[in-house]
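Visitor: Questions regarding the structure given below will be posed in turn.
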Amino acid sequence: LGTSHYLLMHSMIYRTELLWECGLKLPEHTFYVDNIYVFKPLPYVKTMYYLDVNFYRYFIGRDDQSVNETNMIKRIDQQFKVTYIMIDYMTQFNLVSKPLERYMRHYLSIIMCISSVISVKSGQKEHLKMRKELWKYLYDSDKRLYRKIRHNITSCAVNLPGYVGRKATIAMYKAAPVSYTHLRAHETR
C-alpha cells in the first residue's frame, strides 16, 4: 500500500473479529468518523485483498452532504475532534512495520491538512486558533511525528504564515485539484 493511496470507508471492509480485536468505538453524533474507522484497525491487519468490485456508490454534489465545504466549516469542531482522536491513537503505538508506520503517518498528515485547510477557508479567528492549537497538540504529543508530518510539502503548503500565506493556501487548494486530490477527497466522494 503506497502513500498515494487514500483508503476511504466506503472502499473498506474489515472482518468483524478484527474490529473487536482493535476495540473500535466511534464517537456518537459525530461526522467524519469514517477516518477513524479506516485508521484504527490498520495495525491489526495482517493481510489485505483487493477486489475490483463496486460495493458502494456515493452520490456527490449534494448541498446537504457532510463533506460539502460549507458543512465542514459548520462542523469544524467535529473534524478537529476526529483529528485529535487520530493523533492520540497514532502516538500510542510503536509500529514495528515501517511501511505501515509510513502509511498511517501519511493518512494522519492528510487529515491534519484537511483540518488546516478548512480552518483557513473559514477565515474565522477562532478556527485559525484551533488550527494552531491542533499543530501544537501534535508537537506536544510526539515531536518526531510532528516533524515528519509538519515538514512534508503538503503540510508546509497549507500552513503558510500570515494573511498572504492563508490566501496562497486557498489559491493552491483551489488551483491544484490534481496535486491535492487527497485533500479534496472529502469534497468529491
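Visitor: If I ignore ligands, DNA and RNA and count only protein heavy atoms, how much of VAL33 is accessible to a 1.4 Å probe, in Å² to the nearest 10?
Guide: 30
Visitor: Hey, another quick one. Any chance you could run the full-extension gain for CYS22 through ARG150? It's 0.36 nm times the residue separation minus the Cα-Cα distance, nm to one decimal.
Guide: Extra length from CYS22 to ARG150 when fully extended: 43.3 nm.
Visitor: Among residues other than ARG15 whose Cβ falls under 13 Å from its Cβ, what is the net charge (Lys/Arg +1, Asp/Glu -1)?
Guide: Numbers: positive: LYS46; negative: GLU17, GLU21.
Net charge in that neighbourhood comes out at -1.
Visitor: Pairs to check: LYS98/LYS132; LYS129/LYS167; LYS74/LYS129; LYS40/LYS174; LYS40/LYS98. Give those whose C-alpha atoms are more than 25 Å from each other in this structure.
Guide: Details: LYS98/LYS132 29 Å; LYS129/LYS167 17 Å; LYS74/LYS129 16 Å; LYS40/LYS174 30 Å; LYS40/LYS98 17 Å.
Result: LYS98/LYS132; LYS40/LYS174 exceed 25 Å.
Visitor: Please compute the net charge surrounding GLU133, taking Lys and Arg as +1 and Asp and Glu as -1 over other residues with Cβ under 15 Å from its Cβ.
Guide: After counting each charged neighbour, the total is +3.
Visitor: Just to verify a number: FRET efficiency for LYS174 and LYS98, C-beta to C-beta distance, R0 = 35 Å, to 0.05?
Guide: Numbers: r = 35 Å, r/R0 = 0.99.
Result of the calculation: an efficiency of 0.50.
Visitor: Heavy atoms of the protein only, probe of 1.4 Å, neighbouring chains included. What is the accessible area of LYS74 in Å², nearest 10?
Guide: The accessible area of LYS74 comes to roughly 150 Å².
Visitor: Which value, in Å² rounded to 10, gives the accessible area of TYR173 with a 1.4 Å probe and all protein chains present?
Guide: Accessible surface of TYR173 is approximately 10 Å².
Visitor: Using θ = phi - 60° and the Karplus form 6.51 cos²θ - 1.76 cosθ + 1.60, what ³J(HN,Hα) does each residue of segment 11-28 get, whole Hz, x for Gly and Pro?
Guide: Per-residue couplings from phi come out as 10, 10, 10, 10, 5, 4, 4, 5, 5, 5, 4, 7, x, 5, 9, 9, x, 7 Hz.
Visitor: When the Karplus curve 6.51 cos²θ - 1.76 cosθ + 1.60 is applied with θ = phi - 60°, which whole-Hz ³J(HN,Hα) does each residue of segment 100-106 get, with x for Gly and Pro?
Guide: 5, 4, 5, 5, 5, 5, 4
The values are calculated or read from the model by the stated rules, or taken from the named source; none is laboratory data. What you see is a predicted model; the values in this text were computed from it and never measured. All Cβ positions, glycine included, derive from the backbone under ideal geometry; neighbour counts span all protein chains shown. Please note that ligands, DNA and RNA were not included when accessible areas were found on the heavy atoms of the full protein model with its side chains. Shrake-Rupley method; radii C 1.70, N 1.55, O 1.52, S 1.80 Å.
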